[in-house]
Structures are given as structure tokens and as C-alpha cells.
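To keep things clear, I will list the structure first and then write my remarks on it.
No lab work stands behind these numbers, since they all come straight from the coordinates. Every value quoted in this text rests on a predicted model; they were computed, and no experiment measured them. Backbone-built Cβ (ideal geometry, glycine too); neighbour counts: all protein chains shown.
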Amino acid sequence: MEYRWIQTFIIAAEFKNFRMASERLNMSQPSITVHIHQLEKFLNTKLFKREKNRVDLTEAGKLFLIQAKKITQQWEQSLQLFDLKQKGIIEKCTIAMTPMVVETILPNILYEFINAHPEYEISISIEESQKMEALIEAGEVHLAIGLVKPTSKRVQSHLFVESPLQLAYPLDQYDDETGVFIEDVELFQTYPLFTGHDPTNSAYIQKEVEKHFPSCKQIQLSHSYAVKKFIRDGLGIAFLPKLILRKDMMEGRLNIYDFKAFELPEVSLYFLYKDVRSVEKLLIQEIESRHFS
């Protein structure tokens with residue numbers, strides 16, 4: 001059985017039309033027919049059936065289509081592995097991280113790790129925390145750093161760091177010594193509150209703000225780095241984890257309010273993974289060795 005027969009079969013099964021399959025594969029239609037007949041002869045079964053003017057899969061064809069896709073997937077993975085070995089790369093690792101941690105020292109840690117370990121090929125994607133479990137299960141991501149614990153027993157997790165929420169608000173014309181004290185009520189009357197960027201605590205925050213500051217206008221903004229930009233531009237206030245505010249505070253780009261109107265929860269970050277290979281183990285150790293809280 002030749003690999004090209006399988007490729008032809010998958011495309012023909014997708015279109016259920018040999019002419020369209022020939023156009024996709026840039027082959028003549030007779031060549032498509034030959035490949036299918038050779039595959040059927042090898043398997044000793046009919047894969048397609050003709051009904052009037054259309055082609056459809058037989059029951060055997062439907063069953064083989066599942067296996068054919070697995071064969072091509074394994075073939076592609078084997079070629080990728082061979083290519084990595086030729087380049088001196090031991091393993092490839094895809095990392096997903098929630099937009100919130102883009103504002104931490106994590107990107108710098110990953111950059112340092114990539115430079116220190118050329119034997120690993122690292123890919124990074126920014127994903128919403130709610131999607132990470134499915135990506136891990138599907139094998140599209142090897143390691144994820146998110147805000148939501150998985151529910152599936154097939155996906156493992158452990159707590160990475162907990163960081164308290166703080167109320168960030170724009171700078172004013174005063175410094176700490178000459179500025180006047182701002183009441184929290186005045187703060188919520190002056191600025192809109194950005195919410196929606198923390199999937200684990202947003203509902204609680206919205207409920208408490210409505211109770212304590214009913215005149216406050218709330219605006220949904222999904223990404224924390226956008227929230228910080230809006231605060232720095234003087235457009236609103238928000239509850240954000242301390243771990244992503246540290247740099248802005250040190251550089252004097254926003255203010256932190258000593259908020260006590262209601263109890264503020266902590267933001268929890270988790271590592272999510274299915275199997276921990278050497279590269280994931282090294283990455284986790286490197287990240288956990290740095291100060292995040």
C-alpha cells in the first residue's frame with residue numbers, strides 16, 4: 001500500500017467527487033481512479049459506491065477513512081520528528097498562556113529558556129483560560145498557564161501562584177505627599193470600572209461593586225493588558241492582580257488604592273498538562289524558581 005493512495009482516498013472521500021479531488025490534488029481524474037482502485041485491490045474491499053450520478057463511501061470506506069486519517073497524522077508527526085532530530089532538536093513544546101501573564105516576567109523567562117536550551121523548539125500562543133483544557137486534551141498544547149482548573153481527569157494541574165487583587169486607578173496631578181485623599185465613592189463616581197478580564201472573579205467583583213457603589217458604570221474589557229493601557233490613559237479603574245501591576249507601580253505609571261469596601265479575592269494561576277516530558281519539567285522548574293506573587 002502506497003502513502004499517496006491514502007492521501008488520494010482522503011481527499012476523494014472529503015469531496016465525494018473524483019473531479020473535484022483531482023483539482024485539489026492537481027492530478028488527472030483517471031489518476032485518482034487508478035489510486036482508488038489500487039487501494040481497494042490492496043484492501044480487498046470496495047471503498048466507494050456509485051448511486052445515480054454521485055459517489056459515496058461504503059461502510060468499509062467510512063471505517064477506513066478513520067484509519068487513513070490516523071495514518072496520515074502519524075506520518076506527518078514522524079516527518080516533523082525526523083526534521084527536528086536533523087536540526088539537533090530533542091523535543092518540541094507548545095505553550096499556551098493566558099493574556100494576563102503577558103504582563104508579568106513570564107515572557108522574559110521563556111526568552112531566557114529558549115536561548116539557554118536550543119535543543120528544544122518552543123512555540124507560544126496566547127489563549128483564553130477557558131479553552132486551555134480542550135487544547136491540552138487535543139494534544140495541540142503541551143503546557144498551559146491559565147486561571148481555570150481543569151475538570152477532566154485526563155488533564156493534570158497544580159497551583160502555580162496566587163496573587164491578591166488591587167484597585168488600580170489613573171495618576172493625577174498630585175504626588176503622594178501633596179495629593180488629597182480620595183474617597184472610594186468619589187473614585188467610582190469619577191471613573192468607569194473595567195471588568196470581564198478575570199474569568200474567575202469578575203462575577204463576584206461586579207456583584208459587590210453594584211452593592212457598594214450602585215452609581216458606578218461598568219465596562220466589559222476582556223484583556224488585562226488593554227485594561228492597564230486604558231487606566232494609564234486616564235480612562236477608568238480596575239481590579240487587577242498585584243503580579244501584573246508591580247512594574248507599573250515601580251515606574252510610576254498608575255496608582256493603587258488602599259481598598260477596603262469589601263474583601264478582595266486572590267487570582268490563582270495553574271499549570272495544566274497531560275504528560276510531563278523533560279522539556280515541560282524543566283520549564284515548570286524554571287518558572288517556579290522565579291518570584292511572581
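Here the relative contact order of the range 190-230, from alpha carbon pairs under 8 Å that lie six or more residues apart, stands at 54 percent. Distance between the 7 Å Cα→Cβ label points at Lys70 and Glu14: 2.1 nm. For the chain, modelled as a GNM whose springs connect Cα atoms under 10 angstrom apart, the maximal fluctuation among Phe188, Phe48, Phe259 occurs at Phe48. The phi-based Karplus calculation (6.51 cos²θ - 1.76 cosθ + 1.60; θ = phi - 60°) puts the 3J(HN,Hα) values of the range 201-207 at 10, 4, 4, 5, 4, 4, 5 Hz, whole numbers, x for Gly and Pro.
Once the mean of 1/r is taken over each pair of separate Cα atoms and inverted, the range 174-293 shows a Kirkwood hydrodynamic radius of 16.5 Å. Each residue, Ile126 and Val185, gets one label point 7 Å from its Cα in the Cβ direction; the gap between the two is 3.9 nm. Taking a point 7 angstrom from the Cα of Glu288 along the C-beta vector, which residues in the range 91-130 have backbone N less than 15 Å away? It comes to no residues whatsoever. Entry note, the range 199-293: relative contact order of 28 percent, from Cα contacts under 8 Å with a spacing of 6+ residues.
3J(HN,Hα) couplings calculated from phi for the range 246-260 with the Karplus curve 6.51 cos²θ - 1.76 cosθ + 1.60 (θ = phi - 60°) are, in sequence order, 4, 5, 5, 5, 4, 8, x, 9, 7, 10, 10, 8, 6, 8, 9 Hz; Gly and Pro show x.
Taking every alpha-carbon pair under 8 Å whose residues sit at least 6 apart, the range 3-86 reaches a relative contact order of 27 percent.
For the chain, take the longest principal axis of its alpha carbons; what is the angle in degrees between that and the long axis of helix 278-288, to the nearest 10 within 0 to 90? With rounding to tens, the tilt is 10 degrees. Across the range 1-140, the volume of the C-alpha convex hull divided among the residues equals 160 Å³ per residue.
Computed from the alpha carbon positions, the gyration tensor of the chain leads to an equivalent ellipsoid with semi-axes of 54, 24, 16 Å, biggest first. Rounded to the nearest 0.05, the FRET efficiency derived from the C-beta distance between Leu171 and Lys207 at R0 = 25 Å is 0.30. Among Gln73, Gln218, Gln156, the largest mean-square fluctuation in a Gaussian network model of the chain (Cα springs under 10 Å) belongs to Gln73.
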